[in-house]
Amino acid sequence: MIELILSERCIACGTCAKVCPDDVLRTDAAGEPVIAHKEDCQTCYLCELFCPVDALYVSPRTAPDPTVDAAALIAAGLVGSYRRELGWARGRPGGTETDLSYRMHEAFTEPFGEIWKRSGI
Amino acid sequence: MSESTLHLTADVLVIGGGPAGCWAALAARRAGASVVLAEKGYVGTSGATPPANTTLFYTVPGDRLQNDGMVDHRVAPAKGFIVRDFVRRVYDETTVNTELMTRWGYPWPRNETGKTFRGNLRGPDYMIFLRKRLLAEGVRILDHSPALELLTADGVAAGAAGITRRTGDRWEVRAGAVVVATGGCAFRSGVVGTHNLTGDGYLLAAEAGARFSGMEFSGQWALAPAEGGLTKGIIYFSGSFSDADGTPIPHPGVPDALAAGRSVHAVLDRADPYLEDGYRKGQPNIFVYFHRLGGNPFTDRYPVRLLYEGTVRAAGGLDVDERCATSVPGLYAVGDATTREKLTGAAMSGGGPAVAWCIASGTWAGQAATAFARQFAAGTAGLAGRPVHAIGGAGLRPAANPDPERTAEAVTRAVQQEILPLDRNYRRTGAGIAAALERLDGLWEAARDGLAPPAGATPRDIVRAREAAALVATARWILASAGQRTETRGLHRRADFPGLDPAQHHHLLSGGLDRVWVRRADPHEEAVAA
Ligand SMILES: Cc1cc2nc3c(=O)[nH]c(=O)nc-3n(C[C@H](O)[C@H](O)[C@H](O)COP(=O)(O)OP(=O)(O)OC[C@H]3O[C@@H](n4cnc5c(N)ncnc54)[C@H](O)[C@@H]3O)c2cc1C
Ligand code: SF4
Ligand code: SF4
């Protein structure tokens, strides 16, 4: 579930509220993002990807996470970790071209692994 | 609340902006139609695909071995209904459209031979790419705008009406044809990506008289780490399972162990470093859980749970013909909202076929809907001037006095209590189905009569009430169909009929609102029997 909006980082661009598929995030009268309906959060991490400044943290727990500690998460490099793993930056996509998923497909039990080895175009 | 209504007309209205809806909108636009796409959430992040990443099946032109291998791969697990020639057409159409993506600049990864590999669509990248393409082609996107009901003109689908979640403003789109692309229904079980997938499209189509096929093939349960909701299954090809004491459990035995209340742990101990790198650099979404909460899934056992996905990446859904037309004139359906029995039989459609079907069905429906819409002139002489009726009922317009006890939350919880408990639903019994149906029939009547957004309702309340009605209706089509199939086949499991009965290689069509009906239909003449 969405747990943190780090106000010291947030530039109030409104993107997270725009892209959240479940209408969890909204902007208030001052344009600052707020968690309006936490119970609707589907733990998809997508708001994190679109945030240009890594100001959001979603816990992998689908129930509220009492262990979340902003300073510790930042120190551990976990805020923004998903977008870095994907290769996204400043709220924009990147990294698809280095996706190594073909290795999973080629590892399927034969003959299907062989079929995937022939699936380059 | 001060509300206004946005009035639009379009040749084609698409409801739902997952991959199937996006491809339908693109195909209609490219065929010359004006197109509006209304999405409950946000096109690019909503639906099952963006958080998941999806394996895609396709045919490589000119490679017979590859083509036959792709098509044949799901024939045995299908347990009937699958039609090879149809599957082939779906994968061929997929390849044609991935070529379009190449032309539009999609950054495909490459395999060891240096060729483009199209077998994995990274969810957020793919969906944002499609969003940009929709805008470039001139599709009008309405984000955060759930459709609540269909408009019809003399029994022909003629548009839809809905609400804008942020403002409470209403919208009404009059259209020459409507494409339902609202995905499957996972009953708010907690599966990541399915929060918006509440069967809305089924309900609004059924109100116009549309029917379903294969709703009993919806016993799609998937593994997630015990505290998480991401149900990516591909890692378990490299996994081993054990109980609390470390006693091994074979993979096929995992659901029954969990249904019996045993704790089950997984570890991905069958991946070598090369493959581990493939998982980590292909599906980073899976590993956020472990990165953030601790533990290495390749070496450390972790507890898992099963979550219900319902008709998402399962088999049952709206019954459509080869052009993706429903039984209602002017109404088309695509992707997870439809039956996928000819594609993957009674088994799950995920893992490659499902998203190929989104591309193919979207393309075919977009083209067919455009052709259908050509009969209507523009302006008040045609589309805008047709006398239309808004036909939504339950959850929107209560048939009797609103009952304050019938809140959307209470109705949703009551449906979930019938459909989500693993022990009663992984394998069902005839008696269990009958008892659940009786309770759900009562719930339907109460919801139809009394479920309404409360006084001073927010847009969220209005949407929730309609979603709750859709959940009740969907559960009834599923269970009524499950009661009529006295065997175990694919995603339909009966504890009282554990074997497959070759005499039951027939489809079960279903439909109806106040009175749910189920009847048999012959499989396609070329369908491969189990
Ligand atoms: C964890 C997971 C992994 C998967 N992996 C694979 C895989 O590897 N390969 C594969 O082939 N398939 C896979 N699938 C299945 C695949 O994601 C789906 O088949 C696909 O997303 C279906 O696309 P769709 O467009 O039909 O529906 P969806 O993508 O679910 O989109 C439906 C859209 O309709 C919108 N909507 C709903 N109601 C309304 C309304 N009332 N008004 C307006 N809009 C509405 C929703 O918000 C949503 O955006 C996976 C699914 C899951 C959950
Ligand atoms: S994790 Fe997903 S649902 Fe939750 S707030 Fe972020 S975008 Fe919204
Ligand atoms: S996307 Fe990030 S920077 Fe923009 S409003 Fe949201 S939290 Fe603030």
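The values are calculated or read from the model by the stated rules, or taken from the named source; none is laboratory data. Given the structure is predicted, the values throughout are model-derived calculations rather than measurements. Neighbour counts run over all protein chains shown; Cβ positions are idealised from the backbone, glycine included. The area values use the complete protein model at the heavy-atom level, side chains included, leaving out ligands, DNA and RNA. Shrake-Rupley method; radii C 1.70, N 1.55, O 1.52, S 1.80 Å.
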In the full protein assembly as shown, how much of B:His251 is accessible to a 1.4 Å probe, in Å² to the nearest 10?
90 Å²
Give me the Kirkwood hydrodynamic radius of segment B:108-247 in Å, from all C-alpha pairs, to one decimal place?
19.2 Å
Counting other C-beta atoms within 10 Å, and keeping those with at most 13, which DSSP coil GluC sites (Glu not before Pro) do you find in segment B:249-323?
B:Glu322
Output field shielding_mean for B:56-65 (other chain Cβ, 10 Å radius) holds 2
For chain B, with only Lys/Arg (+1) and Asp/Glu (-1) charged at the beta-carbon, what is the dipole magnitude about the Cα centre, in debye rounded to 20?
760 debye
Extended-chain gain in nm, criterion 0.36 nm per residue less alpha-carbon gap, B:Val96 and B:Asp68:
8.3 nm
How big is segment A:1-80 on each of its three principal axes, counting only the C-alpha atoms and giving the largest first in Å?
31, 25, 19
hull vol. (C-alpha, convex hull) per residue for segment B:370-506, Å³ -> 176 Å³
What one gets for the protein assembly as shown as the Kirkwood radius, inverse of mean 1/r over different Cα pairs in Å, is 24.8 Å
Could you work out the relative contact order of segment B:221-308, using alpha carbon pairs under 8 angstrom and six or more residues apart, expressed as a whole percent?
41 percent
Count of Lys pairs (Cα-Cα under 23 Å; at least 8 positions apart or interchain) in chain B
4
From Cα pairs below 8 angstrom and at least 6 apart in sequence, can you work out the relative contact order of chain A, rounded to a whole percent?
23 percent
Beyond 23 Å, what share of the Cα-Cα pairs of segment B:221-308 remains, rounded to the nearest whole percent?
16 percent
Tell me which GluC sites (Glu not before Pro) from segment B:23-120 have a DSSP coil assignment and no more than 14 other beta carbons within 10 Å of their own.
B:Glu112
Below 8 Å between Cα atoms, with a sequence gap of 6+, how large is the relative contact order for chain B in percent?
22 percent
Rounded to two decimals, the Debye log10 I(q)/I(0) of segment B:3-160 (Cα scatterers, no solvent) at q = 0.18 Å⁻¹ is -1.18
Using the alpha-carbon centroid of each, what span in Å lies between segment B:309-386 and segment A:21-72?
34 Å
Take peptide B:41-48, look around each residue's Cβ out to 10 angstrom, count Cβ atoms belonging to other protein chains, and average those counts.
5
Name the residues of segment B:282-331, by number, that are at least 30 Å² less accessible with every protein chain in place than in the isolated chain; the surface is that of heavy atoms, probe 1.4 Å, without ligands or nucleic acids.
B:Pro284, B:Asn285, B:Val288, B:His291, B:Arg292, B:Leu293
In units of 2.2 N^0.38 Å, what is the alpha-carbon radius of gyration of segment B:403-459?
1.33
Could you give the accessible area per residue of segment A:19-107, probe 1.4 Å, as a whole number in Å²?
38 Å²
Isotropic mean projected area of the C-alpha convex hull, segment B:1-84 (nm²)
9.6 nm²
At a probe of 1.4 Å, how much accessible area disappears from chains A and B on forming the pair, both sides counted, to the nearest 100 Å²?
5600 Å²
Pairs of Cα atoms farther than 29 Å apart, chain B, %
50 percent
What percentage of the solvent-accessible surface of chain B, computed with a 1.4 Å probe over protein heavy atoms, is contributed by carbon and sulfur atoms?
51 percent
Gaussian network model of chain A, Cα within-10 Å springs - most flexible of A:Ala12, A:Ala29, A:Ala107
A:Ala107
When the helices in chain B are scored as -39500 (n - 2.57) per DSSP H run of 4 or longer and the sum is shared across all residues, what 222 nm value do you end up with, to the nearest 500 deg cm²/dmol?
-11000 deg cm²/dmol
